[in-house]
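Everything on this sheet refers to the single structure shown next.
Throughout, read-outs are computed from the coordinates displayed, never taken from laboratory work. Predicted model, so just to flag it, every value in this text is computed and none were measured. Glycine also receives a Cβ, built like all others from the backbone with ideal geometry; neighbour counts cover every protein chain displayed.
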Amino acid sequence: MGDMQILPGSRHRPPLKRPIWIISLVSLVCLFLVCAYIYPPQGSAACYVFSSRGCKVLTNWLPPSPTRELSDEEIASQVVIRDILSNPPVQSKNPKIAFMFLTPSSLPFEKLWDMFFRGHDGKFSVYVHASKGKPVHVSRYFLNRDIRSDEVVWGKISMVDAEKRLLAHALQDTDNQHFVLLSESCVPLHNFDYIYNYLMHANMSFVDCFLDPGPHGNGRYSEHMLPEVEKKDFRKGAQWFSMRRQHALIVMADSLYYSRFRDYCKPGFES
């Protein structure tokens, strides 16, 4: 027996206790996260912990996404616009409103406009673009106020060309400080003094702009207008406007955006 080696028997181990406290903790954390997802915190302090639909704090201190590199034409356009806006408008001792009529021929409400202008000589100028025929005028305020005109087709760039033609003539008079584009069917709804004082003291332009998902709106957008005109910025608007002199100068100075719309923003049957 002296040569025999007795191996120790296996020790008896007590059964492990189930980690109930760990399971409970994990369950509570999961429940908390589910509730936080379903009911996202709205307070600004909570945004540092959760990313929720109502939180914008974190995104506010993120650096802005890098913008694309501008083309040479865009840089030149921005320089011109910035220079026009940074310079004070031409001061006039006798500021006037330029009323620019875009019409096929004669103005059906010319007598009404005559009553509107009467007694306010020196405070307004009149310009008429008649695209289909020489108009017959019945008011002295419209005599010899016709400019050289070309054919205008609805929805085509010829409408913009006629508008710019009117602006070019009206801008030659440095007393003209506000420019109003009107059609043959427009009529004044207030007296002259009301409109004159409102526009001269408004210090802003009024231009129509809205999102139109239809064929005559976004349906006319073309990717050929990229990168200068992105679809997210594409809008439609009625042509009629009231514009300050500085903004009218920007319209006349632009060639970049005009060319994009001339070449690619066409009616559906021409696209």
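The table below lists the values:
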item: Burial ordering of 174, 103, 67, fewest other beta-carbon atoms within 10 Å first; result: 67, 174, 103
item: Neighbour-limited loop hits for GluC sites (Glu not before Pro), the stretch 64-160 (at most 10 other Cβ within 10 Å; DSSP other than H, G, I, E, B); result: 69
item: Within the stretch 175-266, GluC sites (Glu not before Pro) in DSSP loop having at most 14 other beta-carbon neighbours inside 10 Å; result: 230
item: Cβ-based exposure ranking for 154, 240, in which fewest neighbours within 10 Å come first; result: 154, 240
item: Hull shadow area, averaged, the stretch 72-264 [alpha-carbon convex hull, nm²]; result: 11.7 nm²
item: Long pairs among 132/266; 111/156; 96/266; 96/156, criterion Cα-Cα beyond 24 Å; result: 111/156; 96/266; 96/156
item: Inter-part distance where the stretch 172-202 and the stretch 119-146 are each reduced to a Cα centre, Å; result: 14 Å
item: Cut-off under 5 Å, modelled amide H: who pairs with residue 183 long-range; result: 102
item: Pair residue 86, residue 208: separation of 7 Å Cα→Cβ label points (nm); result: 3.5 nm
item: FRET efficiency, 1/(1 + (r/R0)^6) with R0 25 Å, evaluated for residue 187 and residue 147 via beta carbons; result: 0.70
